[in-house]
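Beneath this line is the structure, given in structure tokens, with notes to follow.
The values are calculated or read from the model by the stated rules, or taken from the named source; none is laboratory data. Given the structure is predicted, the values throughout are model-derived calculations rather than measurements. Note that we place each Cβ from the backbone using ideal geometry, even for glycine, and neighbour counts take in every protein chain shown.
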Amino acid sequence: MEDVDCRHWQKAMQSKIEFMFKNKIWSLVDLPKGIKPIRCKWVYKRKRGMDGNVETFKTRLVAKGYTQKEGIDYEETFSPVAMLKSIRILLSIATSQDLESCQIDVKTALHNRSLDESIYMMQP
């Protein structure tokens with residue numbers, strides 16, 4: 001890695017790997033015969049404060065799912081995201097009935113979901 005903030009990125013990646021092991025998001029196993037593992041890559045983002053200075057270095061380890069073939073590597077996919085139309089309807093109802101609305105964000109929501117099948121990914 002050739003970046004002026006290389007040290008910060010390495011620390012952030014190590015922290016993410018430790019988090020995943022601690023929370024049993026993954027475990028190292030031998031690859032079963034006939035299984036093609038999914039490759040992965042790191043995604044980096046600098047979080048800046050109000051003054052524009054970098055406050056934190058965020059990393060995500062993502063699977064390169066686009067390399068998989070439907071019917072061979074997986075059966076179906078979906079994204080649990082609400083449609084904008086649905087959100088607008090809910091906000092319209094809340095407004096028309098003078099209801100209060102709020103927003104929450106579960107930062108580790110994806111980490112807390114269990115899968116029905118085993119997924120094999122190469123180590124970063």
Quiz item: Can you spot a residue in the range 67-78 that is closer than 17 Å to residue 124 by Cα, modelled with pLDDT under 85 and in a helix (DSSP H, G or I)?
Solution: yes
Exercise. List every residue pair whose Cβ atoms lie under 6 Å apart, where the two residues are 6 or more positions apart in sequence or sit on different chains, the first residue falls within the range 15-36 and is aromatic (Phe, Trp, Tyr), and the second residue, located anywhere, is at pLDDT 85 or above.
Key: 26/20
Quiz prompt | Residue tally, condition loosely packed, with under 12 Cβ neighbours inside 10 Å and aromatic (Phe, Trp, Tyr), over the range 22-51 | solution = 0
Exercise. Can you confirm whether the range 52-69 contains a residue that is surrounded by 10 or more Cβ atoms within 10 Å (Cβ to Cβ), within 19 Å of residue 15 (Cβ to Cβ) and in contact with a Cys (Cβ under 7 Å, 6 or more places away or on another chain)?
Key: yes
Practice problem: Scan the range 47-65 and report the pairs whose first residue is without any contact (Cβ under 8 Å) to a residue 40 or more places away in the chain and whose second residue is β-branched (Val, Ile, Thr), with Cβ atoms within less than 7 Å and a gap of 6+ or a chain change. | Solution: 47/56; 48/54; 62/43; 64/38; 65/38
Exercise. Return only the number of the condition from (1) at pLDDT below 90; (2) out of contact with any strand residue (DSSP E or B) (no Cβ under 6 Å at 6 or more places or on another chain) that residue 50 does not satisfy.
Key: (1)
Quiz item: So which of 24, 41, 58, 85 ends up being basic (Lys, Arg), at pLDDT 85 or above and within 19 Å of residue 122 (Cα to Cα)?
Solution: 41
